[in-house]
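The values are calculated or read from the model by the stated rules, or taken from the named source; none is laboratory data. What you see is a predicted model; the values in this text were computed from it and never measured. Cβ sites come from the backbone with ideal geometry, for glycine too, and all protein chains shown count toward neighbours.
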Amino acid sequence: MFSLLRFLEHVHGHLGWLAVAVLAHPAIVLRRRRRRAHLAVSLAVSIPTMVAALGATLYPHYRQTLRASIFRDAPEIGLMFERKEHLAFAVIALAWIGAIAYFGSWKTPAPAMDKLHALAHRAFVLAAILAAAVACLGTWVATYRTF
């Protein structure tokens, strides 16, 4: 039988791995200061934000149907899911910091522009690393129990 929750969970997981890739792209291209990467940065903030919104939509259903049984049967996996949520929040915050620094840099004088580009680069590097951890943890939990 088709389960909408299971389908959305799979979409969330696959898009989560896509988010890792789109966050890695500006982390790579912004190594060179003053490089124009408007599309890469836009995708790197919008796709992870969409993934997070879908995850937030699924969370009440997870909490209602899966959370208690996961914590009862495998508390370490339940704790990993909780850690995944915290790291995902950090990913979104870093992606937005990177995007704001990047787009804000284009309206500033040269010395500040370089500092904002450096901040954007570092934010995307950290976001990409944390997103990979989030995707791994999410995959681990999903292989244990699903909707």
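If you filter the stretch 11-37 down to residues that are modelled with pLDDT of 95 or more and exposed (fewer than 14 other Cβ atoms within 10 Å of the Cβ), you find that the one that is nearest to the chain's Cα centre (by Cα) is H14. Of the residues screened, A88 is not one that is assigned to a helix (DSSP H, G or I), of a type outside the set (S, T, Y), touching a residue at least 12 places away in the same chain (Cβ under 8 Å) and closer than 15 Å to H117 by Cα.
Determine whether W106 is at pLDDT below 95, closer than 30 Å to P75 by Cα and aromatic (F, W, Y). In short, no. From the list F124, F81, the lone residue that is closer than 20 Å to H10 by Cα and touching a helix residue (DSSP H, G or I) at 6+ places or on another chain (Cβ under 7 Å) is F81. Do the conditions hold for A56, that is, is it part of a helix (DSSP H, G or I) and either more than 16 Å from the chain's Cα centre (by Cα) or closer than 28 Å to V29 by Cα (or both)? Against the criterion (part of a helix (DSSP H, G or I) and either more than 16 Å from the chain's Cα centre (by Cα) or closer than 28 Å to V29 by Cα (or both)), A56 does not qualify. Which residues, counting only those in the stretch 83-105, are surrounded by fewer than 19 Cβ atoms within 10 Å (Cβ to Cβ) and touching a His at 6+ places or on another chain (Cβ under 9 Å)? Of everything in the stretch 83-105, just one residue is surrounded by fewer than 19 Cβ atoms within 10 Å (Cβ to Cβ) and touching a His at 6+ places or on another chain (Cβ under 9 Å), namely F103. The set of residues in the stretch 64-87 that are closer than 26 Å to A127 by Cα and not β-branched (V, I, T) comprises E76, G78, L79, M80, F81, E82, R83, K84, E85, H86, L87.
T49: surrounded by fewer than 13 Cβ atoms within 10 Å (Cβ to Cβ) and within 30 Å of R122 (Cα to Cα), yes or no? If you could, list the steps in order and put the result at the bottom.
Working: surrounded by fewer than 13 Cβ atoms within 10 Å (Cβ to Cβ): no; within 30 Å of R122 (Cα to Cα): yes.
Considered against the rule, which asks whether it is surrounded by fewer than 13 Cβ atoms within 10 Å (Cβ to Cβ) and within 30 Å of R122 (Cα to Cα), T49 comes out as no.
For residues in the stretch 88-108 being among the β-branched types (V, I, T) and under 11 Å from the mean Cα position of the chain (by Cα), which is farthest from L126 (Cα to Cα)?
Applying the first criterion (among the β-branched types (V, I, T)) to the stretch 88-108 yields 91-92, 97, 100, 108.
The next check asks that each one be under 11 Å from the mean Cα position of the chain (by Cα); those that pass are 91-92.
Values: V91: 8, I92: 11 Å.
Per the stated criteria, the residue is I92.
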